[in-house]
Amino acid sequence: MDLSWLDDFLWTYQNVIHSVGINGLLALSMYVVLAVGQLSLGQAAFMGLGAYSAALMTLKLGWPFWMVLPLSCVVPILFALAIGLPTLRLSGVYLAIATVGLGEVLKALYVNIDYVGGALGLTGIPEATETWMIYGLLALAVLAFWLVARSGIGRAMEAIREDETAARVMGVSCFRYQLGALVVSAMLAGIAGALEAHSTSLISPGEFGFEPEVSILSFALLGGIGTPIGPVVGAFILTLLPELLRGMADLRLVFNGVIIVVAVLFMPEGLVALRLRRRSA
Amino acid sequence: MLAQQLVNGVLLGATYALFALGFTLMFGVLKVINLTYGFYFTAGAFAALFFTRYVVASVWLALPVAAIAAGIIAMACDGLLLTRLRRRGAPELSSLMVTVGAVLALNSAAAALFSPDIRRLPVGLVSVESFNFWGVRVTTAQFLVLGASIVLVGALIWLLRGTRVGVAIRAVAENPEAAGLMGINTGRTAALVSFVSGALAGAGGMLIGLNFNAIHPYMGEEMMLRGFVVVIVGGLGDIRGALIAGLMLGVVEVLTAGYIDSGMKEAVSFAILVLVLWTRPSGLFGAPKLRRA
Amino acid sequence: MSALLQTRNLTRRYSGLVAVDSVDMEVHEGEIHALIGPNGAGKTTLFNLISGLTAPSEGSITLAGREVAALPAERRAALGLARTFQNIRVFSAMTVLENVLTGLQPRRRCGLAATLLRTPMFRREERTLVARALVALETVGLAARADEPAGGLSYGDQRRVEIARAIAPEPALLLLDEPAAGMNPAETEALGRLVRRIRDGGTTVLLVEHDMGFVMDISDAVTVLSFGKCICQGTPVEVRSSPEVMEAYLGQKVAARLAQRFAGAQAGRASA
Amino acid sequence: MKRRSFTLMAAASVLGVGVLPRISLAADTIPVGSIEVLTGPVSPYGIAIRDGETLALEEINAAGGVLGGKKIALTVEDSAANKDQAINAARKLIGRDKVVAIIGPTLSAEYFALAPMTNQRKVPVIGTSITSIGATDIGPFCFRTSLPEADVIPAALRKAMARGAKTIALLYANDDLFSKSSYDQMKVAAETAGLKIIDIETFATKDTDFSAQLTKVKGLKPDAIGIAALVEPTAGVLLQARQLGFGAETQFLGGNGANSPRLGEIAGAAADGIMVGSPWFIAKDTPQNKAFIAAFNRKYGKNPDQFAAQAYDTMHLLARAIDKAGAADPLKIRDALMQVKQDGVMGPLSFNAKRDPASAEGVLVLEMHAGKFSIAP
């Protein structure tokens, strides 16, 4: 069988294939926060921090990618702690409010620092991301979340999501779980950012603002947060759909927004309304 | 120069305060972080734009038109998006998520419909002349913003403190269930509060669009970021706090740009936000409200 | 008998209102202790203070000799405190068994690493927890419905799920907030047997209840609260004959009855 | 391998790709690609470019095409000002449509994102609106026909100095690449020309309040103020500057972003007197230009702008290069591009060794009066 068309296909759609997987990771990073009943609107910002710190390690320090990739989650985690520690002690939606402007503020910061390339961003980032890395990490993350969901930790998370007060009197420390989830989420987003930076040769300040942020939320809500697979499926659909429906680019964001509204109002379980059966006695 | 900069700061701060007014009212009563609020602001500005361009070029007529149009849109959004959740007793996170999605859809749709170009209200709608007080310049539009802010704040306080409707609104803000048992129609009160907040936003959108000569589909989203800082620093739902915090933020931003570095403006406002969250999470003027309480 | 739970000068003020006013109370190990008083006497606030959902304005709470007033609710749960709620709070999307397993959180020892690696210890622990949860369900008589979603159960059964969830970790002290509300006489009687069985299993029970017959029938000790103050503490017989209680509480019997009926009607609506 | 190819075939059918059938078309037409911003806030620029190149394409094909009668088939892809979409478009044009050259993309950031990949794949990319420093340094297959602002701004600065300016303050939008590179080159040009830079202020493209910066600048009393930003913030700065009392004693200079009729529409009288350097002007009196404007009006019913003019010239130059190369081969076309010369609507056009336009002869200084640009006296 002649597979040269396959090479062409792979080359042509390499960037799409990468985006799909990276968006899957981002959707999972949103999932883990939603799974403990919180909302972070800073996932794109965390991704940007990962992308910038990774690109800087590669370009300015010349470190190899196998070192850069794991280290790319350090800065996002520090930011997550700085924002999560005060806000998660408070009730309700403070985390969401504190993170809503984070992406835009970091953008203003990036453009003002010449060391990180100003308005242009960082160019000439060597291509080091391989498709298998993205999908390997994605598979690993799904597996890990699945294992966690089917355990006492997963039960505690679901309890927090359903009723924080009841969870607390059962000995579940909402603060610790929520902070832990935020840290894991920042870590995932940061690594996704590093993969993104080393997949395309340029990252620029405007890529990590409010709109990508809300798009990430729409991935998670389309898929539903009953399982870790749901958000990934959501990300796949919403990344491929604009490729299929070209010429509707203006309406892409409208569509993402409408998905969130419809998901919350009419199908709180998500499109992929699965729920893990943990055990049958 | 310092005098001019302080005036610049106060005028900028007045626009922030004006914007934050309805936002904080909406949260105070309905207990919802409503991100579509920025869209009402845009809608008011566009309503004024079309009105002055195609109907009558008059500020005094355009202002109520902008307010009423935005108020109706706000009421419709609340009815379509939030009433259902309120009835279901859904967590506040759901309401927030709905409005996050809605504002992305609405802003993107507005941009697709009207094109994202920056427009301005017809030249000559207000005199472009500026007044000179001992070297400090203030324009007619700026006076208008300042004056309107004061009038709107006064009207809002009168509505809340001096009318029967205000009593109902405050009762719902305090405890919606008890208010319902006392015979207050909470659904109608919610619609009314949405209308008033939306109208404040719409009026703000027109005045600020007039002042800065810029009306575009994303103007509300731009203001929203500042609006968040203002309502958190002022304390969520605290009208007086929002006014003070708005003015403060305006002055701080202008002084940063004028005397430190114009590139640091955004960073400074966010730094204030984080600082307040760490030290006084209920805002500068409120009592701390921890989860345990 | 030593005091398992002791409050000293426990006070909670809201703006212009003292909900709980310097309450000194002792609950002894192995007893069924009832907390009674007319509506609005501060019983639920006192429960919230003891379980850690509300921070006291003043005073101390000791649990098994340990000062807990400053600890958050989740830490008190780990020290052996469990409770149910007046308005039922089961996790409706979870199955009955999962609800009870969640109640066993304080007994869980495996961390994230063991969870991810599915170590033998993790598997053993899951098996043990499920077994304990089933025992608790057996106790309340719901073992057969373990795999049904809790949200689909009847009001009375949800109440029993909540009790199973609370007793599964074998707490030292169990707080029951109006467990008999909305139950018919037969159900109330069964509940009485259940509470005794829980006590006999080694768990001290503190309960709020409006059904006087039920209270007087099963309680070893009774504390009477009125307008936030503790006005009487003793055995059911002592309390029944106390002139203060007669005056403060039984004088308002009609009101209390009405309140009870109202609560029952409300509960019935909630379960529908 | 088998399973992988199955998955990929499934993915291919999901994506609705027709990789195979397209290749057969390549025999009688020469595929050329273009990537422009056709949707979103920046779309007016991309649409102007598409209009310009489409007009040129029709002229070329009507005149018998290239390589002895073959027609050029142009595929225009939308990048939506999104880096990933621009890369996807370039990969599709090269991998699926087998284009021999790409015109575009519209934005410098998109150019920096996709050019390393196209350069590696050895397909020439010709930017028509790329003004950033270093864009064509990415590799030997990276071209542009737009003059870097370094070639345009000095003319305006010289005019200001001739009118007595000795000091200048610079204001720029630091969050926008186009504005930032405009500023970078304005700064170098001012230093080279001997103007004293007494203050540099920044703002964000979407800002509406510039009073703090302008108040500070006013205190320093510069002879001239250079504004490097897109047209809308430039208009905003001018309007507020007039409110704060800047008068005719201060000369205003704009970057390439200000070189748009929209400036007069938005800012009205406040924009009077601002000067910009421009590689092209609608009233430029050459036969090529007159013919272009007439043809553009016939086809689109409106006047072209500089972006349409640049794209129009670029498409003609590319056709010439394909003819000169003698084959639809990207490598040969690249070499031919280095040699072709053309006298188009912008003036003489050819590439220097760095693949930038070789000549800045056509640059004019424009000044605004009553909302309209004219050639500065």
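The values are calculated or read from the model by the stated rules, or taken from the named source; none is laboratory data. If you're wondering where the values come from, they're calculated on a predicted model, not measured in any experiment. Heads up, the Cβs are rebuilt from the backbone with ideal geometry, glycines too, and the neighbour counts pull from every protein chain shown.
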Picking from D:G139, D:G134, the residue that is under 18 Å from the mean Cα position of the chain (by Cα) and surrounded by fewer than 22 Cβ atoms within 10 Å (Cβ to Cβ) would be D:G134
Within the stretch B:30-62, residues assigned to a helix (DSSP H, G or I), farther than 18 Å from B:V123 by Cβ and hydrophobic (A, V, I, L, M, F, W, C) come out as B:L30, B:F39, B:F41, B:A43, B:A47
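Condition test on D:K206, is it assigned to a helix (DSSP H, G or I) and assigned by TED's automatic domain parsing to the domain that holds D:R262? Write out each step before concluding.
Values: assigned to a helix (DSSP H, G or I): no; assigned by TED's automatic domain parsing to the domain that holds D:R262: yes.
So D:K206 fails the test.
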Residues of the stretch A:83-114 being more than 7 Å from every other protein chain (Cβ to nearest Cβ), in a helix (DSSP H, G or I) and surrounded by fewer than 21 Cβ atoms within 10 Å (Cβ to Cβ), in sequence order, are A:L85, A:D114
Note: among A:M67, A:M30, just one is surrounded by fewer than 22 Cβ atoms within 10 Å (Cβ to Cβ) and either small (G, A, S) or touching a helix residue (DSSP H, G or I) at 6+ places or on another chain (Cβ under 9 Å) (or both), namely A:M67
Checked the stretch A:115-166 for anything in contact with a Phe, Trp or Tyr (Cβ under 6 Å, 6 or more places away or on another chain), closer than 26 Å to A:I203 by Cβ and assigned to a helix (DSSP H, G or I); matches are A:V116
If we keep only residues of the stretch B:73-114 that are surrounded by fewer than 18 Cβ atoms within 10 Å (Cβ to Cβ), more than 10 Å from chain A (Cβ to nearest Cβ) and not basic (K, R), then the residue farthest from B:Y218 (Cα to Cα) is B:G89
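Can you go through D:L253, D:L263, D:L230 and tell me which one is touching a residue at least 40 places away in the same chain (Cβ under 8 Å) and in contact with a strand residue (DSSP E or B) (Cβ under 6 Å, 6 or more places away or on another chain)? Working first, answer last.
Numbers: D:L263 fails: in contact with a strand residue (DSSP E or B) (Cβ under 6 Å, 6 or more places away or on another chain); D:L230 fails: in contact with a strand residue (DSSP E or B) (Cβ under 6 Å, 6 or more places away or on another chain).
Matching residue, one of D:L253, D:L263, D:L230: D:L253.
Restricting to the stretch A:167-198, give me the number of residues that are within 14 Å of chain C (Cβ to nearest Cβ) and assigned to a helix (DSSP H, G or I). Steps first, answer last, please.
Filtering the stretch A:167-198 down to residues within 14 Å of chain C (Cβ to nearest Cβ) leaves A:167-181, A:183-184, A:187.
Subsequent filtering for residues that are assigned to a helix (DSSP H, G or I) retains A:167-169, A:174-181, A:183-184, A:187.
Residues meeting the conditions: 14.
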Condition check for A:S218: more than 14 Å from chain C (Cβ to nearest Cβ), over 21 Å from B:A105 (Cβ atoms) and of a type outside the set (D, E, K, R): no
| message | C:E67 - would you say it is within 13 Å of chain A (Cβ to nearest Cβ), farther than 24 Å from C:D211 by Cβ and either buried (at least 17 other Cβ atoms within 10 Å of the Cβ) or of a type in the set (D, E, K, R) (or both)? | response | no
Going through (1) touching a helix residue (DSSP H, G or I) at 6+ places or on another chain (Cβ under 6 Å); (2) modelled with pLDDT under 75; (3) not charged (D, E, K, R) one by one, D:A48 fails only at (2)
Of the listed residues (D:G236, D:G219), the one being within 10 Å of chain B (Cβ to nearest Cβ), free of Cβ contacts under 8 Å to residues at least 40 places away in the same chain and surrounded by fewer than 20 Cβ atoms within 10 Å (Cβ to Cβ) is D:G219
Just one listed residue, out of C:L175, C:L142, C:L117, C:L153, is out of contact with any Ser or Thr (no Cβ under 7 Å at 6 or more places or on another chain) and buried (at least 22 other Cβ atoms within 10 Å of the Cβ), and it is C:L142
All-but-one check, C:A77 against (1) within 14 Å of the chain's Cα centre (by Cα); (2) part of a helix (DSSP H, G or I); (3) more than 7 Å from every other protein chain (Cβ to nearest Cβ), failing number (3)
The strands (runs of 3 or more DSSP E) lying wholly within the stretch D:106-177 that contain at least 1 residues that are among the aliphatic types (A, V, I, L, M) and within 14 Å of chain A (Cβ to nearest Cβ) are D:125-127, D:167-173
Q.
Against the definition (under 17 Å from C:E98 (Cα atoms) and of a type in the set (A, V, I, L, M, F, W, C)), how does A:A181 come out, yes or no?
A. no
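A quick yes/no check of all residues on (1) in a helix (DSSP H, G or I); (2) crowded, with 24+ Cβ neighbours inside 10 Å; (3) of a type outside the set (F, W, Y):
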site: B:A191; (1), (2), (3): yes, no, yes
site: B:F195; (1), (2), (3): yes, no, no
site: B:L210; (1), (2), (3): yes, yes, yes
site: B:V231; (1), (2), (3): yes, yes, yes
site: B:M248; (1), (2), (3): yes, no, yes
For the stretch C:44-62, pairs from a residue that is on the phi < 0 side of the Ramachandran plot to a residue that is among the β-branched types (V, I, T) and in a loop (DSSP other than H, G, I, E, B), with Cβ under 7 Å and 6 or more apart or across chains, are C:T45/C:T54; C:N48/C:T54; C:I61/C:V68; C:T62/C:V68
Sole miss for B:L49 among (1) modelled with pLDDT of 90 or more; (2) within 14 Å of chain D (Cβ to nearest Cβ); (3) buried (at least 24 other Cβ atoms within 10 Å of the Cβ) is condition (3)
Going through the stretch A:1-21 in order, the residues found to be within 11 Å of chain D (Cβ to nearest Cβ), under 13 Å from A:L240 (Cβ atoms) and in contact with a Ser or Thr (Cβ under 9 Å, 6 or more places away or on another chain) are A:N15, A:V16, A:I17, A:H18, A:S19, A:V20
Inside the stretch A:141-182, the number of residues satisfying the requirement of being under 18 Å from A:S40 (Cβ atoms), of a type in the set (A, V, I, L, M) and surrounded by fewer than 19 Cβ atoms within 10 Å (Cβ to Cβ) is 0
Exactly one of C:E74, C:E126 is without any contact (Cβ under 8 Å) to a residue 60 or more places away in the chain, out of contact with any strand residue (DSSP E or B) (no Cβ under 9 Å at 6 or more places or on another chain), assigned by TED's automatic domain parsing to the domain that holds C:S60 and among the acidic types (D, E), and that one is C:E74
Residue set D:P304, D:P279, D:P261, D:P287; condition of a type outside the set (A, V, I, L, M) and more than 21 Å from D:V152 (Cβ to Cβ); output residue D:P287
When the stretch A:70-82 is checked residue by residue, the ones that are surrounded by fewer than 24 Cβ atoms within 10 Å (Cβ to Cβ) and more than 9 Å from every other protein chain (Cβ to nearest Cβ) are A:P70, A:L71, A:V74, A:V75, A:I77, A:L78, A:F79, A:L81
